[in-house]
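S.K.: I'd like to ask some things about the structure below.
The values are calculated or read from the model by the stated rules, or taken from the named source; none is laboratory data. Because the structure is a prediction, the values reported are computed rather than measured. Cβ coordinates were reconstructed from backbone atoms using ideal geometry, including for glycine residues, and neighbour counts include every protein chain displayed. Note: accessible area is taken over every heavy atom of the protein model, side chains too, but ligands, DNA and RNA are not part of it. Shrake-Rupley method; radii C 1.70, N 1.55, O 1.52, S 1.80 Å.
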Amino acid sequence: MFHLFYLTRLKTVFELIKHKLNEYIYYYLILIFASTIIYNEWLVYSLYASKWPSLYCGNEKFCKTILLVADPQILGEERENVLTRWDSDRYLFNTYGRALQHVKPDNVIFMGDLIDEGSLADQKTFERYLHRFSKIFFLKNTIPLASKNVIFIPGDNDIGGDEEIVIREKVDRFHLYFGSPGVIENEKIEFIMVNQLIDSMPININPTNRTNTMKIMFSHIPLTTKWTKFTDRVINEFKSEFIFSAHDHSSFNFISDIKKKKHTYIQRLERNSFDEMSSAQWRFGQQSSNSVCEIIVPTCSYRMGSKNVGYGVLTIDTFRHSVTYTILWLPSRFTCLYVYLYVIMLCIILYFLHLITRNSKTIIYRVM
């Protein structure tokens, strides 16, 4: 009798739930889908940004903060459709805006491969890409896009190289529209932009040793992963102790012996779990005169085949002669897209259950 009472009670609750679901099914479906959109398109970015490491350098008078944007590769019109281009652009826009707000950088350096089909585009198409690029990254819509605080390095997708022949016209077009100097001096810091794709390096205007000026080199192609004559030339010419590069879509730290031309230390800069993202920071002191440290910055685009995407942040302390490198890891866009798929399947199942049960007779049991 006791079990019968609870069984009857359970049937009553089930019938009430079924009745309410059938009555408000459309509201429930709208609520589920709206909640998914809010999470995937806004909330997930804010949640990740809240876990990014705090940036600290000590005395601001001696500090400079640089935001590093590697391989954004906005998608092209030839290989991608409107929907995939729009989704990739929106992802970059959402993540870059939050990174810019979090870092408040003194400089932003775009480290090459800015446009996925840049080297293949004709003039009109290239200008359309340029317009999209400037909107995504909050840039002025005047030529060139570079300014005192925003610097661009060409990549193989922009001017050719790697598996494509570099043509002078493409190089000239990039410099016309993006235009950045080869050397930028900033108090006791010197930024040096080199281009292995065309074996190009600027004139060494300040041939001082490492003690007086912190010389930091930026290259799209990694220089020490495969030691070449160009690597030898630029390192011996500028005596940079830190190199920041991109291209590989991964995240590594290499310390190399300049004389032996080989690595003495290799460190994979791993992605932390969500709760430990605030610890994604590495500090590097002054290197010995015979060593060079190269850090590869991960891509910030989820379309580059890498699960670990993010922005790099370089904090330079000229007083302590040290740099702190931080990675702002980004949420997986593919996970969000899979969530959409699962939610759509769930909504379809709920709707079919509604169609099956809506005409069934509802019996409400009353137990005395």
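S.K.: Could you tell me the extents of segment 231-304's C-alpha atoms along the three principal axes, largest first, rounded to whole Å?
M.R.: Ordered largest first, segment 231-304 gives principal extents of 40, 26, 18 Å.
S.K.: Further question: Given H placed on each backbone N at 1.01 Å, which residues far from Gln73 in sequence or on other chains put an amide H within less than 5 Å of it?
M.R.: Leu114, Ile115
S.K.: Under a 10 Å cutoff between Cα atoms, tell me which one of Ile327, Ile266, Ile153 has the largest fluctuation in the Gaussian network model of the chain.
M.R.: Between Ile327, Ile266, Ile153, it is Ile266 that shows the largest mean-square fluctuation.
S.K.: Ignoring the sites themselves, what is the longest stretch of the chain with no GluC sites (Glu not before Pro) in a DSSP loop and at most 12 other beta-carbon atoms within 10 Å?
M.R.: Counting at most 12 other Cβ atoms within 10 Å as exposed, the longest clean stretch of the chain is 271-368.
S.K.: Right, next: Checking the cross-link filter: which aspartates and glutamates have an alpha carbon closer than 20 Å to that of Lys170, excluding same-chain neighbours under 8 positions apart?
M.R.: Filter leaves Asp71, Glu77, Glu78, Asp113, Asp116, Glu117, Asp122, Glu127, Asp156, Asp158, Asp162, Asp199.
S.K.: Further, regarding this structure: Report the extension gain between Ser279 and Asn81 in nm, rounded to one decimal, defined as 0.36 nm multiplied by the number of residues separating them, less their alpha carbon distance.
M.R.: Going from the current span to full extension adds 67.5 nm.
S.K.: Extending each Cα 7 Å along its Cβ direction at Glu270 and Glu60, get the distance between those two points in nm, one decimal.
M.R.: Here the modelled spin labels are 3.6 nm apart.
S.K.: Over segment 65-173, calculate the relative contact order: mean separation of alpha carbon pairs under 8 Å at least 6 apart, over the residue count, as a percent.
M.R.: The value is 33 percent.
S.K.: Can you show me the helix-derived [θ] at 222 nm for the chain, built from DSSP H runs with n ≥ 4 at -39,500 (n - 2.57) apiece and divided by the number of residues, rounded to the nearest 500.
M.R.: -11500 deg cm²/dmol
S.K.: Kindly point out which whole DSSP H helices in the chain project their C-alpha atoms 24 angstrom or further along the helix axis while averaging a Kyte-Doolittle hydropathy of -0.5 or above.
M.R.: Helices meeting the criterion: 2-23, 333-357.
S.K.: To the nearest Å, what is the center-to-center distance of segment 32-47 and segment 215-263, using C-alpha atoms only?
M.R.: 41
S.K.: If you build a Gaussian network model of the chain, linking Cα atoms that sit under 10 Å apart, which residue out of Tyr27, Tyr39, Tyr177 swings the most?
M.R.: Tyr27
S.K.: Related question: Between Asn308 and Phe93, how many nm apart are label points set 7 Å from Cα along the C-beta direction?
M.R.: Inter-label distance under the simple model: 3.0 nm.
S.K.: Here's something else I'd like to know. Need one word for the chain: rounded, prolate or oblate. Basis is the Cα gyration tensor (sqrt eigenvalues a ≥ b ≥ c); a/c below 1.5 gives rounded, then a/b vs b/c decides.
M.R.: prolate
S.K.: If R₀ is 51 angstrom, what is the calculated FRET efficiency for the pair Thr335 and Lys260, using the beta carbon separation as r and rounding to 0.05?
M.R.: Computed FRET efficiency for Thr335 and Lys260: 0.75.
S.K.: Take every DSSP beta bridge whose two residues both sit in the chain, then give the antiparallel share in percent to the nearest 5.
M.R.: The antiparallel fraction comes to roughly 60 percent.
S.K.: Now for a separate question. Counting heavy atoms of the protein chains only and a 1.4 Å probe, report the per residue accessible area for the chain as a whole number of Å².
M.R.: Accessible surface, normalised per residue, equals 52 Å².
S.K.: So for segment 144-290, averaging the separation of alpha carbon pairs under 8 Å that are six or more residues apart and normalising by length, what relative contact order in percent results?
M.R.: 16
S.K.: Right, here's the next one. With a 10 Å radius around each residue's Cβ, average the other Cβ atoms per peptide and rank 311-318, 132-139, 277-284, highest first.
M.R.: Top to bottom by mean Cβ count within 10 Å: 311-318, 132-139, 277-284.
S.K.: Charges only on Cβ, +1 for Lys and Arg, -1 for Asp and Glu: so what's the dipole of segment 236-310 about the Cα centre, in debye to the nearest 20?
M.R.: That gives a dipole near 240 debye.
S.K.: Another question, if that's okay. Please tell me the relative contact order of segment 249-368 in percent, rounded to the nearest whole number, where contacts are Cα pairs under 8 Å and at least six residues apart.
M.R.: 22
S.K.: Do any trypsin sites (Lys or Arg not before Pro) in segment 215-278 lie in a loop, going by DSSP, with at most 14 other beta-carbon atoms within 10 Å of their beta carbon, and if so which?
M.R.: Lys226, Lys259, Lys260, Lys261
S.K.: Test of understanding: what is the full-extension gain from Ile30 to Ile203, defined as 0.36 nm times their sequence separation minus their Cα-Cα distance?
M.R.: Once the chain is fully extended between Ile30 and Ile203, it gains 56.1 nm.
S.K.: Give the list, by residue number, of cysteines in the chain with no other Cys Cβ closer than 4.7 Å, or say none.
M.R.: Within the chain, the cysteines lacking a partner Cβ under 4.7 Å are Cys293, Cys300, Cys336, Cys347.
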